[in-house]
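The values are calculated or read from the model by the stated rules, or taken from the named source; none is laboratory data. Nothing here was measured: the structure is a model prediction, and the numbers come from that model. Quick reminder, even Gly has a Cβ in these numbers, built from the backbone with ideal geometry, and neighbours come from all protein chains shown.
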């Protein structure tokens, strides 16, 4: 009896370990963050472009009046906030809120709650006019729900920037370790399963159709009205074997994906094949939005170590950068805290010339402007220093349009920087954007 | 008070339960519900599947690609003139309305008893400047189109490959 109990206990312990090993591996959130940024951007762009059609698509006098939708609603669990709107301003406010939250999701601002608004918005649009949704709307709801329960916004986001900035305001040299948790690993796994299951059913479904068995599906796709492509038809008509290759290749990738994507060796190839497939869908069939969202779903299969290696390679290529600043100037320190918070790869080292004078740049020079020292010994002052850095630090790429407009950026940038540098004492006393006093 | 250890265990159990539940929905939802077994499995999942829009068969272009009929319509004005329209010609791959429009046209063609009147009412308003009396909703079904046809410089929507039939004729109210 004791042995049986022991055996049963061992079996359950092994199952428990396997379960934990499969789901709860401590992981960073970067694969999910890539999906978040892409899906946020896709939603923002897509629904922003739909704005002129807001009332046609989802309004009372639109394509499908609400009364008709409610009359044909077959399930009480189908719910949409748009069922309850009565005045046009409510549609406008809802749409504006949805767009703002999609933008916030993209940049990772207040991610913990904006993601829920985006999910509710997406489902509300879907159910308000159910006849309108197609492939991408289906996958979006699935991915958004997973992102809602996932701890996203902890990396590559404004939320992360705010957290790092808060730490750096306490001490500029402080670093915040990357967020990692078993739950992040579990949610990444959930998104991977979602994508693998999608491919599996999509592939298996095709096996039941003559178009796919006979190898003609590609031809049929391109003669349909919505995917008509004269160039492709010309090509396939003169080389019909390409139709067969494309058709069977699509089924092969869709069937192989759910089985071979899990292995370390085969994952890069299957991931590349899936992305290649969706790029084809986008370019040749006009399925840009769908393909982009699918590729973002596939980002869950990107191993964090790949991204880490990529980051390290980028860092090596860009070389060492040292910023020399005035540690006695409160405004300068606060600006540096903001600036460095965007440097997720830790590419920029800092030096306070008041306590650690630079061997390259004299104190008198740094009194006038911040300096950036490059690996080759060059020192760039003020605006030129920032201009150099924004191109080389990925977290600052959003500033490139401000720093690299030909002529105009330098024309305006130099005087603005010089004015700020000359008045930094006065600006320090304003304590702009400072949540709490700087640590002494 | 729940001890730290028990709190961790409960959290782990709750997370595990959610993962098992959601994975079951991901796997079961697209399964063909022809068998009694799958139907039974779907019962407890149903509210969750529908409320969160997770109930998808993932049958993109399957089992067959299928050629959807093209939607067309003719406006009949007060003088009896006919104004034909082929709305899909004005659509643009790069615009979100492209696939939404196609989905709407499909709904009108597939379920005219449900959607044709609403569609006609919308189109009557849209073309009010033509003083429409009625609208004839049409579908153009494409026939076989071979590589030889393509090499001969023909188009799948050329009249010889298309059969046009009336979906419904709807009077414009208030005209």
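One table, with the values for the structure above:
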item: Matching helices (runs of 4 or more DSSP H) fully within the stretch A:254-334 where at least 1 residues are modelled with pLDDT under 95 and more than 22 Å from residue B:61 (Cα to Cα); result: A:304-318
item: Members of the stretch A:237-247 found to be facing chain B (nearest Cβ under 7 Å) and either outside any loop (DSSP other than H, G, I, E, B) or within 15 Å of residue B:89 (Cα to Cα) (or both), listed by number; result: A:237, A:238
item: Cβ pairs under 7 Å, 6+ apart, first in the stretch A:51-64 and outside the structural domain of residue A:127 (by TED's automatic domain parsing) and farther than 19 Å from residue A:122 by Cβ, second modelled with pLDDT under 95 and not in a loop (DSSP other than H, G, I, E, B); result: none
item: Within the stretch B:14-38, tally of residues that are at pLDDT 95 or above and more than 17 Å from residue A:200 (Cβ to Cβ); result: 8
item: Test result for residue B:128, surrounded by 16 or more Cβ atoms within 10 Å (Cβ to Cβ), within 13 Å of chain A (Cβ to nearest Cβ), more than 30 Å from residue A:217 (Cα to Cα) and free of Cβ contacts under 8 Å to residues at least 12 places away in the same chain; result: no
item: The stretch A:184-195 residues that are at pLDDT below 95, paired with ones that are part of a helix (DSSP H, G or I) (beta carbon under 7 Å, 6 or more apart); result: none
item: Condition check for residue B:54: farther than 30 Å from residue B:166 by Cβ and facing chain A (nearest Cβ under 9 Å); result: yes
item: Hey, residue B:61 in a loop (DSSP other than H, G, I, E, B), farther than 27 Å from residue A:149 by Cβ and within 18 Å of the chain's Cα centre (by Cα) or not; result: yes
item: Residue that is nearest to the other protein chains (Cβ to nearest Cβ), among those in the stretch A:171-225 that are part of a loop (DSSP other than H, G, I, E, B) and within 21 Å of residue A:303 (Cβ to Cβ); result: A:179
item: Residue among A:402, A:383, A:342, A:331 that alone is closer than 30 Å to residue A:306 by Cα and surrounded by 13 or more Cβ atoms within 10 Å (Cβ to Cβ); result: A:342
item: Matching entry among A:102, A:80, A:112 (being closer than 27 Å to residue A:304 by Cα, assigned by TED's automatic domain parsing to the domain that holds residue A:193, surrounded by 22 or more Cβ atoms within 10 Å (Cβ to Cβ) and in contact with a helix residue (DSSP H, G or I) (Cβ under 9 Å, 6 or more places away or on another chain)); result: A:102
item: Selection count, the stretch B:132-162, where residues are closer than 30 Å to residue A:64 by Cα, at pLDDT 95 or above and not in a strand (DSSP E or B); result: 0
item: The stretch B:150-162, residues that are in contact (Cβ under 8 Å) with a residue 12 or more places away in the chain, farther than 19 Å from residue B:74 by Cβ and at the interface with another protein chain (Cβ under 8 Å from one of its Cβ atoms); result: B:156
item: Checking residue B:31 against (1) within 11 Å of chain A (Cβ to nearest Cβ); (2) more than 18 Å from the chain's Cα centre (by Cα); (3) outside any loop (DSSP other than H, G, I, E, B), the condition it does not meet; result: (3)
item: Among the residues listed as A:150, A:141, A:155, the single one being surrounded by 18 or more Cβ atoms within 10 Å (Cβ to Cβ) and touching a strand residue (DSSP E or B) at 6+ places or on another chain (Cβ under 7 Å); result: A:155
item: Given (1) at the interface with chain B (Cβ under 9 Å from one of its Cβ atoms); (2) touching a residue at least 24 places away in the same chain (Cβ under 8 Å), index of the condition residue A:121 fails; result: (1)
item: The stretch A:42-86, residues that are facing chain B (nearest Cβ under 7 Å), in a helix (DSSP H, G or I) and within 25 Å of residue A:289 (Cβ to Cβ); result: A:46, A:49, A:53, A:57
item: Residues within the stretch A:352-372 that are touching a residue at least 12 places away in the same chain (Cβ under 8 Å) and out of contact with any helix residue (DSSP H, G or I) (no Cβ under 9 Å at 6 or more places or on another chain), tallied; result: 6
item: Top-ranked residue of the stretch B:79-92 - restricted to ones that are surrounded by 16 or more Cβ atoms within 10 Å (Cβ to Cβ) and within 21 Å of residue A:281 (Cα to Cα), ranked as nearest to the other protein chains (Cβ to nearest Cβ); result: B:88
item: Residue check for residue B:67: part of a loop (DSSP other than H, G, I, E, B) and touching a strand residue (DSSP E or B) at 6+ places or on another chain (Cβ under 9 Å); result: yes
item: Any chance residue B:96 is at the interface with another protein chain (Cβ under 9 Å from one of its Cβ atoms), crowded, with 18+ Cβ neighbours inside 10 Å and touching a helix residue (DSSP H, G or I) at 6+ places or on another chain (Cβ under 8 Å); result: yes
item: Condition met for residue B:76 (in the same structural domain as residue B:133 (by TED's automatic domain parsing) and in contact with a strand residue (DSSP E or B) (Cβ under 9 Å, 6 or more places away or on another chain)); result: yes
item: Failed criterion for residue B:40 (all others in (1) free of Cβ contacts under 8 Å to residues at least 24 places away in the same chain; (2) more than 13 Å from every other protein chain (Cβ to nearest Cβ); (3) surrounded by 13 or more Cβ atoms within 10 Å (Cβ to Cβ) hold); result: (3)
